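Let me begin by presenting the structure, written as structure tokens, before commenting on it.
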Amino acid sequence: MMTSKRYVRLLQVLFIFHVLCCFKCGDDYTDAEIKQPAITIKMNNTVYHPQETIWIDAWVSTSNFDTTERDSIAATDDHPFYFSIHQLKTGQTYNVNYGFNHADVVSSLTPFSDAYSCFYYINTVKGVKDANGKNLFRYRIGITPKETGVFLINFPEHVKFENVDRKQNLLSVFTVAGNNTMVWENCNGNVMKRNVENGDVFVEVQ
């Protein structure tokens, strides 16, 4: 027969095991999330001319990944694709300004929408399912610069590039004071500063 002391000890052990399980096993559910795959971007980043369209092709899997079940699940939306356009400048206290007045944007597959924030004029394009039956959403975006210069196209951090020359060396001509390589023009008393990110591509227009 189990003594009262042994019974109490067993309860203590079970309680400790339960607490440890809450911290350890519970993490699998607390940290669980639906992860979207990275969008792959392909573009011919050569030297362009004003009124010449820069075509960007992109695609992403139609499946997300459920970290709880550790399995792929069908996407519930068409993976909206975000990007913004900026233009580099010299001889100022900043070296980046808003490029939406200096370039036109078109989407050949679906309509796009835009939204203005202080430093970003964000263009949003929805994907369409691959016409050949592949499990992909596809995007085709055209950007037409109106004038010469160096433009920055900012894609989300979570992207992959396929044979894209990001031409980060173009930024070296546009130096600016401070510890950051890019400083935006003042917007309502606010100034954004940052360095080059994974989603940044520089385009030369001559």
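Nothing in this text is a laboratory measurement; each read-out follows from the coordinates by a stated rule. Please read all numbers here as calculations on a predicted model, not as lab measurements. Cβ atoms come from the backbone with ideal geometry, glycine included; neighbour counts cover every protein chain shown.
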Task: Under 19 Å from Lys193, Cα to Cα: lysines that are on another chain or at least 8 residues apart - done: Lys89
Open item on the list: As I understand it, the dipole of segment 123-206 uses +1 on the Cβ of Lys and Arg and -1 on the Cβ of Asp and Glu, about the Cα centre. Which of Gly199, Leu136, Met182 lies farthest toward its positive end?
Closed with: Leu136
- [ ] Just add up the charged neighbours of His86: K/R +1, D/E -1, any other residue whose Cβ is under 13 Å from the Cβ of His86.
- [x] -1
Open item on the list: I need the GluC sites (Glu not before Pro) found in segment 145-179, filtered to DSSP loop residues with at most 10 other beta carbons within 10 Å of theirs.
Closed with: Glu157
Task: Dimensions in Å of segment 153-200 - Rg and Dmax from alpha carbons - done: 12.6, 39
Open item on the list: Let's see if you can work this out: charge +1 on each Lys and Arg Cβ, -1 on each Asp and Glu Cβ, no other charges. What is the dipole magnitude of segment 162-206 about its Cα centre, in debye to the nearest 20?
Closed with: 180 debye
Open item on the list: Just to check I understand the Karplus step: with θ = phi - 60° and J = 6.51 cos²θ - 1.76 cosθ + 1.60, what whole-Hz values come out for segment 55-63, glycine and proline as x?
Closed with: 8, 10, 10, 9, 7, 8, 5, 7, 10
